[in-house]
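Participant: Have a look at the structure that comes next, please.
Any read-out appearing in this document is the output of simple, stated calculations on the displayed coordinates, not a laboratory observation. Note that the structure is a prediction, hence the values are computed from the model and not measured. Please note: Cβ atoms are built from the backbone with ideal geometry, for glycine as well, and neighbour counts cover all protein chains shown.
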Amino acid sequence: MLFVLTGFAQDMGFRVFSFERIGEDRVRTRFAVRADLALVLKYGIRLQELPLLCRSFLERRDEADEKRALTFGEDEMRLYAKGCLAARDASAQRKKPARRPPSENTGAAWRGTSISSDPTH
């Protein structure tokens, strides 16, 4: 099945996304998914991400469920935010450069080097 975003509307503190499900028989069925904008802000979810998150939410739901009006709730937002945090942490760990121990000649360039051990030379 394929879900296609057909638009969105603002309803008080909610963003309501409209989707059409296109079945294998090419029959179109309308769905609406509401997202609470206060919770979106609480979990640091960007508004640009909401349409894809709502579509993914529709794709994961039980097909036997006949509801056409759904809510992308706090549990889903919490899981998404937790996954994003884990991904950022993993990325930060990969980007940390390996620390090298100081070498014996650290700072030799600004200290000057002596060519011989003879102080008169």
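Participant: Starting from the Cα coordinates of segment 2-93, work out the convex hull volume and express it per residue in Å³.
Facilitator: Spread over its residues, the Cα hull of segment 2-93 gives 106 Å³ apiece.
Participant: Here's something else I'd like to know. Expected output is a single nm value to one decimal: the length gained when fully extending between A38 and A69, i.e. 0.36 nm times separation in residues minus the C-alpha distance. What is it?
Facilitator: Values: separation 31, 0.36 × 31 = 11.16 nm, distance 1.95 nm.
The A38-A69 span can extend by a further 9.2 nm.
Participant: Measure off 7 Å from each Cα along the Cα-to-Cβ vector at D25 and M12, then give the distance between these two points in nanometres to one decimal.
Facilitator: Inter-label distance under the simple model: 3.7 nm.
Participant: A further question on this structure: Grab the beta carbon distance between A90 and V4, set R0 = 30 Å, and tell me the FRET efficiency rounded to 0.05.
Facilitator: 0.40
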